[in-house]
Amino acid sequence: FILQTISMAESKRKAELLPEDVGTDDCLTSYTYIYSPDLLKDQVAFITGGGSGIGLRIAEIFMRHGCDTVIASRNLDKLNEAAKKLSAVSGRRCLPLCIDVRQPDSIMAAVDETLKEFGRVDILVNNAAGNFLCPATALSFNAFKTVLDIDTLGTFNTSKVVYEKWFKDHGGSVVNISATLGYRGQALQVHAGSAKAANDAMTKHLAVEWGPSGVRVNAVAPGPISGTEGYRRLGGPRGEAAGAFQSIPLQRAGNKTEMAHCALFLASRASSYTTGAILVADGGAWLTSANDFSMLLGIKRDK
Ligand code: HXC
Ligand code: NAP
């Protein structure tokens, strides 16, 4: 009985430590502030891939802290729906814009539109990405290129456009959404791991080059984050059911609100002396988890 009571108290403590979450692409039904509610008051954030998953939650948390947002990706219907929900829950403005981060012209037009609508942009979140599980030999040349194009070139393209059109003269904060896949060479992930490793290097290069213009460049490297497309595509639910997360030091998947709080920290004056940093937010997963889940997921990999 004593052990059961201790374990119930422990579960309650853990639950209290976990910020609110909703597993679908909807906004939170309740929210408890950790930071000052006006941390981003009257700032403007441009968030690629802000219509779903982690990007959508970042948009919501930023807006709850007084920020207006632009959410930009390929699917305008999805963005329109997301923008309505975001404005309804936060009372802030959200402008949905259609871009493909592989097409610099589409980014230039969107940043022009942002400046026309809001007159400024303070934060860029490079969150757009594409991923799937695939062994190296089954990966076509074009499949590898596609992921590098979206994740790496897309991050560079968007950063360069926002810098040249606004940050160069006004300063700003860039937050790249990375991953830990390349740290230990995750199986079936040579495309995404290579792309995100390049983004980590880019984070440091641009921090060095753009620091003198008052631009900070940082990254968040999430682990497995429940309720996201990435989690589903990379076999998260199956891994969780098979107990694979017990090997993670914090013994669970992360949630979208936790990632949004990391992005908020890096985007805001809370991290005013931090640049070129990669904030790993994975519950310690990359330190201890297996880097080959192919057997668990029933996927044949190269010998
Ligand atoms: C192998 C695949 C594939 C798959 C596509 N391809 N899906 N190869 N396995 N599952 C190949 C195609 O055959 C084609 O090569 C090439 O990739 C390009 O495919 P398209 O469909 O033409 O590309 P596109 O329409 O541009 O779409 C990009 C995409 C798509 C990445 C393939 O899945 C997408 O839009 N994804 C966005 C959403 C997403 O992925 N979210 C998860 C992010 S999570 P060929 O040779 O046939 O022309 C994430 C998590 C990281 O990044 C870390 C987690 C721990
Ligand atoms: P998601 O909901 O699929 O987010 C990816 C977003 O990118 C989508 O909104 C998509 O919107 C957009 N996008 C894709 N290709 C694009 C393109 N060419 N141009 C513009 N936008 C594009 O997946 P997620 O799981 O939340 O992932 C968000 C970020 O977290 C990614 O950077 C991912 O690598 C990272 N991450 C996720 C996890 C995880 O467990 N989920 C772990 C580590 C890292 P459209 O389809 O409308 O274009």
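The values are calculated or read from the model by the stated rules, or taken from the named source; none is laboratory data. Just so we're clear, the structure is a prediction, and the values are computed from it rather than from any experiment. Here Cβ is always computed from backbone atoms with ideal geometry, including for glycine, and neighbour counts include all displayed protein chains. The protein model used for the area step is the full one, side chains on, heavy atoms only, and it has no ligands, DNA or RNA in it. Shrake-Rupley method; radii C 1.70, N 1.55, O 1.52, S 1.80 Å.
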#### Entry: Solvent-accessible ranking of 63, 202, 108, largest area first, probe 1.4 Å
108, 202, 63
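Considering only DSSP states other than H, G, I, E and B, which trypsin sites (Lys or Arg not before Pro) in the range 207-262 qualify as loop sites with at most 11 other Cβ atoms within 10 Å? The partial results should precede the final answer.
On the way: sites: 216, 232, 233, 238, 252, 256; in loops: 252.
Within the range 207-262, no trypsin sites (Lys or Arg not before Pro) qualify (loop, at most 11 other Cβ atoms within 10 Å).
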### Query
Where only protein heavy atoms count, and the probe is 1.4 Å, what is the accessible area per residue for the chain in Å²?
47
### Task
Describe numerically, in nm with one decimal, the distance between label points set 7 Å from Cα along Cα→Cβ at residue 160 and at residue 80.
3.2
### Message
If you average the C-alpha positions of the range 220-254 and of the range 126-155 separately, how far apart do those two centres end up, in angstrom?
### Response
20
### Summary
Of every Cα-Cα pair in the range 190-289, the percentage lying beyond 20 Å is 46
### Task
Could you tell me what percent of the accessible area of the chain is made up of carbon and sulfur, with a 1.4 Å probe and every protein chain present?
58
### Task
Please work out whether the range 216-266 counts as rounded, prolate or oblate from its C-alpha gyration tensor, where a ≥ b ≥ c are the square roots of the eigenvalues and a/c under 1.5 means rounded, while otherwise a/b larger than b/c means prolate and anything else oblate?
prolate
### Message
Greater than 32 Å separation of Cα atoms is the criterion. Which listed pairs, 84/300; 85/196; 165/196; 165/256, meet it?
### Response
84/300
#### Entry: For the range 102-250: rounded, prolate or oblate by the Cα gyration tensor [a/c cutoff 1.5]
prolate
#### Entry: Cα gyration tensor category, rounded, prolate or oblate, for the chain with a/c compared to 1.5
oblate
### Query
Taking residue 78 as the anchor, which aspartates and glutamates have their alpha carbon closer than 16 Å to its alpha carbon, excluding any fewer than eight residues away along the same chain?
25, 26, 60, 100, 229
### chymotrypsin sites (Phe, Trp or Tyr not before Pro) lying in DSSP loop within the range 52-140, provided at most 15 other Cβ fall within 10 Å
132
### Summary
Per DSSP, the loop-located chymotrypsin sites (Phe, Trp or Tyr not before Pro) within the range 266-300 having at most 12 other beta carbons within 10 Å are 273
### 10 Å beta-carbon shell around residue 133, net charge (K/R +1, D/E -1)
+2
### Message
I need the Kirkwood Rh of the range 34-173: take the reciprocal of the average 1/r across all distinct C-alpha pairs and report it in angstrom.
### Response
15.4
### Message
Quick check for you: which residues of the range 261-303 have the amide N under 11 Å from the point 7 Å beyond the Cα of residue 21 toward its beta carbon?
### Response
283
